[in-house]
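Colleague: Okay, handing you the structure first.
Just so it is clear, none of the values below were taken in a lab; they were calculated from the coordinates. Keep in mind that this is a model prediction, so the values were computed, not measured. Don't worry about glycine lacking a Cβ; one is built from the backbone with ideal geometry, like all the others, and counts go over all protein chains shown.
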Amino acid sequence: MTDDTATSGVVTAVSRSAKHTFSKQSSTSIQLLAGLGVVDDAHLGTTVQHRSRIARDPRQPNLRQVHLIHAELHDALQAQGFGVFPGAMGENITTRGIDLLALPTNAQLHIGAQVVVTITGLRNPCMQLDKFQTGLMAAVLDRDADGNLIRKAGVMGIVQVGGEVRPHDPIRVVLPAEPRQPLEPV
């Protein structure tokens, strides 16, 4: 994590979908349950809920209970002509002011009065992005100077402490002890 990474931010939107749809419906609030995820969301559960991962091993722990995307990504994609909005790319929580992609594994996001989400890894973009809008998958992927793949489609987390999350809730980042591990796809 770089020194200029913000350690506080705000929730700009919350979304959920009870069905396995790509986009999620915006809501005035979402309820998170410890160890499970977002109430009334298709990805709620202690074991993996993503269809492709269930096919490989349905007993895997659900490290993808909550999907978070930074609103700054929406801004950049809109500037490129993409019609994205909160929930469009399947996120549950849209944030502003935190460089989510620079967080280390096991960073904790303290959201609102009580919720704590532990970041487990990067979202691995899939072809559903291009089904939503042609070229969107390429737009959320990049390469660094060494040619390593950079995934920009948000982060995934698990709920440590449940509660209600609403737009305008503050977010405070608590970093894990050193040594810190960079995020990997989950």
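Colleague: For the chain, state the semi-axes of the equivalent ellipsoid (square roots of 5 times the eigenvalues of the alpha-carbon gyration tensor), sorted largest first and rounded to whole angstrom.
Modeller: Working: eigenvalues 90, 81, 63 Å².
Each semi-axis is the square root of five times an eigenvalue, giving 21, 20, 18 Å.
Colleague: Hey, another quick one. Can you list the HN-Hα couplings for region 10-27, worked out from phi with the Karplus curve (6.51, -1.76, 1.60; θ = phi - 60°), rounded to whole Hz and with x for Gly and Pro?
Modeller: Here the 3J(HN,Hα) series is 8, 7, 9, 7, 10, 8, 7, 8, 6, 10, 6, 9, 5, 8, 10, 7, 5, 9 Hz.
Colleague: While we're looking at this one, here's another question. With θ taken as phi - 60° and the coefficients 6.51, -1.76 and 1.60, list the Karplus ³J(HN,Hα) couplings across region 142-147 in order, rounded to whole Hz; mark glycine and proline as x.
Modeller: 8, 10, 7, 4, 8, x
Colleague: What nm value, rounded to one decimal, do you get for the distance between Gln60 and Thr21 when each label is placed 7 Å out toward the C-beta?
Modeller: Going from the Gln60 label point to the Thr21 one covers 2.5 nm.
Colleague: Here's something else I'd like to know. Using a basic spin-label model with each label point 7 Å from the Cα along Cα→Cβ, how many nm lie between Gln114 and Leu33?
Modeller: Using points 7 Å along Cα→Cβ, the separation is 1.6 nm.
Colleague: Same structure, new question: Would you please name the trypsin sites (Lys or Arg not before Pro) within region 26-68 that are DSSP coil residues with at most 13 other C-beta atoms within 10 Å of their C-beta?
Modeller: Numbers: sites: Arg51, Arg53, Arg56, Arg59, Arg64; in loops: Arg59, Arg64.
Of the trypsin sites (Lys or Arg not before Pro), the ones in loops of region 26-68 whose Cβ has at most 13 other Cβ atoms within 10 Å are Arg59.
Colleague: Could I ask something else about it? Mind listing the long-range amide H neighbours of Asp169? Cut-off is under 5 Å, sequence gap 5 or more, other chains count too, H placed in the peptide plane at 1.01 Å from N.
Modeller: HN-HN under 5 Å from Asp169: Val11.
Colleague: Post the alpha-carbon centroid distance, region 40-112 to region 156-185, in whole angstrom.
Modeller: Taking the Cα centre of region 156-185 as reference, the centre of region 40-112 is 11 Å away.
Colleague: Right, next: Test of understanding: what is the full-extension gain from Val10 to Glu178, defined as 0.36 nm times their sequence separation minus their Cα-Cα distance?
Modeller: This chain segment gains 57.9 nm when fully extended.
Colleague: Treating only the Cβ of Lys, Arg, Asp and Glu as charged (+1, +1, -1, -1), what charge dipole size does region 93-163 show about its Cα centre? Round to the nearest 20 debye. Before the final figure, lay out the partial values.
Modeller: On the way: 6 positive and 5 negative charges, 39 e Å.
In total the dipole reaches around 180 debye.
Colleague: Right, another one. For an R0 of 35 angstrom, estimate the FRET efficiency from the Cβ-Cβ distance between Thr47 and Asp146 and round to the nearest 0.05. Provide the component values of the computation, followed by the final result.
Modeller: Working: r = 36 Å, r/R0 = 1.02.
The calculated FRET efficiency here is 0.45.
Colleague: With +1 on the Cβ of every Lys and Arg and -1 on the Cβ of every Asp and Glu, and nothing else charged, how large is the dipole of the chain about its Cα centre, in debye rounded to the nearest 20? Show your work: numbers first, answer last.
Modeller: Working: 17 positive and 17 negative charges, 145 e Å.
The calculated dipole for the chain is roughly 700 debye.
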